[in-house]
Amino acid sequence: MNLQRVHALLHNDKLWDFANAGSPRHQEVLGTLFELVAMGSNKSWQVRHELSEQDMEPDLSLFRDRPRLSASLDGFVGLAHIELASGGRITQVDYLRESSNWDEEQLLAATINTVAAPGRYRILSSQNNRGRYQLSIQPIQELPANMTARYWWDMAARNGDHRAQQIMAAFDQRWEQYLIAQQDPDVLAWSSTQRILDGDKAMGLAMLEQAIAQNHPIAKALKKQLL
């Protein structure tokens, strides 16, 4: 994404100022903008919730891409967050996905074939379109909470922005339950689908009927597909 354009949206169009002043609509839009920028980066993110005075202005350089790195680690299949030392040695494992085929001890005994500088990285070994396993490696960048989508979506939702409440309902059951209680047809429709797929057919069908009663555009089609 063009960071100059993002800077213009934040400052020339006053998006950052209006969001910080408490405008729910601007907060929702700012959250969506940060989500798009983060998705377009070749980094992984670790959120820092303690905000400093320096964080009161967004540092867009954090989103600037680094050169893409190549790496290989024969035999490993899975996802991990690691600390890498010089020479590709793994010195610390901060996270290891449960379905990974190696344990932490095996990772700590391994060396990644890469020119990546020492630091924290996310490594993922998955099958490419030829059926071969390929390792991707991304630096883990610390990001202030107020430069993340979730921070602004949550704030907008609490300030009454309906779109932000719907977005948060996908992440937070409290917002999902709140909007179900409010008879939100969109949330009723997708939440009912999940309940039916999870085996709670009676509850899912009841919620789907509530969405149909409000003439939700796809609820009837969902009912035909799921039942």
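The values are calculated or read from the model by the stated rules, or taken from the named source; none is laboratory data. Values in this document were obtained by computation on a predicted structure and should not be read as measured data. We place every Cβ from the backbone using ideal geometry, glycine too, and count neighbours over all the protein chains shown. Remember, those area values only see protein heavy atoms, side chains included, never the ligands or the DNA or RNA. Shrake-Rupley method; radii C 1.70, N 1.55, O 1.52, S 1.80 Å.
Of note:
- Boolean, L135 is farther than 18 Å from S41 by Cβ, at pLDDT below 95 and part of a strand (DSSP E or B): yes
- Check on L205, open to solvent by 10 Å² or more (accessible area, probe 1.4 Å) and not in a helix (DSSP H, G or I): no
- Filtered residues of segment 8-22 (kept if of a type outside the set (D, E) and either free of Cβ contacts under 8 Å to residues at least 60 places away in the same chain or touching a helix residue (DSSP H, G or I) at 6+ places or on another chain (Cβ under 8 Å) (or both)): A8, L9, L10, H11, N12, K14, L15, W16, F18, A19, N20, A21
- Candidates in segment 111-133 are the residues that are among the β-branched types (V, I, T) and either out of contact with any Lys or Arg (no Cβ under 8 Å at 6 or more places or on another chain) or crowded, with 17+ Cβ neighbours inside 10 Å (or both); of these, the one that is nearest to G78 (Cα to Cα) is I123.
- Within segment 61-95, if we keep just the residues that are touching a His at 6+ places or on another chain (Cβ under 8 Å) and not β-branched (V, I, T), the residue that is farthest from R132 (Cα to Cα) turns out to be D94.
- Count of segment 143-160 residues, restricted to those that are open to solvent by 70 Å² or more (accessible area, probe 1.4 Å), among the charged types (D, E, K, R) and touching a helix residue (DSSP H, G or I) at 6+ places or on another chain (Cβ under 8 Å), is 1.
- Within segment 1-55, the set of residues being of a type in the set (S, T, Y) and either part of a helix (DSSP H, G or I) or within 16 Å of the chain's Cα centre (by Cα) (or both) comprises T32, S41, S44.
- The lone exception for E176 - which of (1) acidic (D, E); (2) under 18 Å from K223 (Cα atoms); (3) crowded, with 18+ Cβ neighbours inside 10 Å it fails: (2)
- Count of residues meeting criterion [outside any loop (DSSP other than H, G, I, E, B) and surrounded by 16 or more Cβ atoms within 10 Å (Cβ to Cβ)] in segment 61-82: 8
- For first residues located in segment 88-102 and surrounded by 15 or more Cβ atoms within 10 Å (Cβ to Cβ), partners that are assigned to a helix (DSSP H, G or I) and lie 6+ apart or on another chain with Cβ distances below 8 Å form the pairs I90/L107; I90/L108; V93/E104; V93/L107; V93/L108; L96/E104; L96/L107.
- Exclusive hit being in a helix (DSSP H, G or I) and closer than 14 Å to E28 by Cβ, set Q194, Q165, Q177: Q165
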